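Shown next, in structure tokens, is the structure this report addresses.
The values are calculated or read from the model by the stated rules, or taken from the named source; none is laboratory data. Source: prediction; values computed, not measured. In this analysis, Cβ positions are derived from the backbone assuming ideal geometry, glycine residues included, and neighbour counts consider all displayed protein chains. These area figures cover heavy atoms from the full protein model, side chains too; ligands, DNA and RNA do not enter into them. Shrake-Rupley method; radii C 1.70, N 1.55, O 1.52, S 1.80 Å.
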Amino acid sequence: GDLEEAEREIAPALSMLPPIDQPGARATLAAIHLAQGRTADARAAAEDAAARAEAMGGASMFRGAFVRLVRAEALHATNAAGDHAAARRAIADARARLLAIADRIADPAFRRSFLENVPENARTLALARAWLDDAAPGA
């Protein structure tokens, strides 16, 4: 709950982490900024995290889903009221990637656990339902 301390702790870590760990750490910084209400800083950190992950083709420790989720949340927080198209596109992409991974899990119980019990995966699906279903024509 100590967001200022969390930010102080992550700052030196960013300079020590190898490139593959940078996207996840920068997404964590973006999440801290979101929690602090610093939406512009959150968006900048999230965009940086996403760009680094994209350039490398992923992120370490299965952090790709977290990077995409935090980017969508940061876009949603910084867009003008009523104009959340970029956030909707980001969460749609995050959901599509997540479901593509889930489709490769043969065991239905493991697939369900992957989607429902991994916090960033469950949140991605929940936001996609909220943001995309509400934006559907006739909704």
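Values for this structure:
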| quantity | calculated |
| --- | --- |
| Whole-number percent relative contact order across the chain, with pairs defined as alpha carbons under 8 Å at least 6 apart | 19 |
| Highest to lowest packing among 30-36, 92-98, scored as the average C-beta count within 10 Å | 30-36, 92-98 |
| Accessible area (Å², per residue) of the chain, counting only protein heavy atoms and a probe of 1.4 Å | 56 |
| Portion, in percent, of the accessible area of the chain that falls on carbon or sulfur, probe 1.4 Å | 56 |
| Radius of gyration and Dmax over the Cα atoms of the stretch 35-99, both given in Å | 11.6, 35 |
| Table column - 3J(HN,Hα) (Hz), the stretch 119-124, Karplus curve with 6.51, -1.76, 1.60, x for Gly and Pro | x, 5, 6, 4, 5, 4 |
| Relative contact order of the stretch 58-121, pairs being alpha-carbon contacts under 8 Å that are 6 or more residues apart, as % | 32 |
| Convex hull volume per residue for the chain, taking Cα atoms only, in Å³ | 121 |
| Charge dipole (the chain, unit charges on Cβ, about Cα centre) - positive-most of 35, 24, 86 | 86 |
| Relative pair counts by distance (%), Cα atoms of the stretch 1-54, 10 Å bins | 28, 56, 16, 0 |
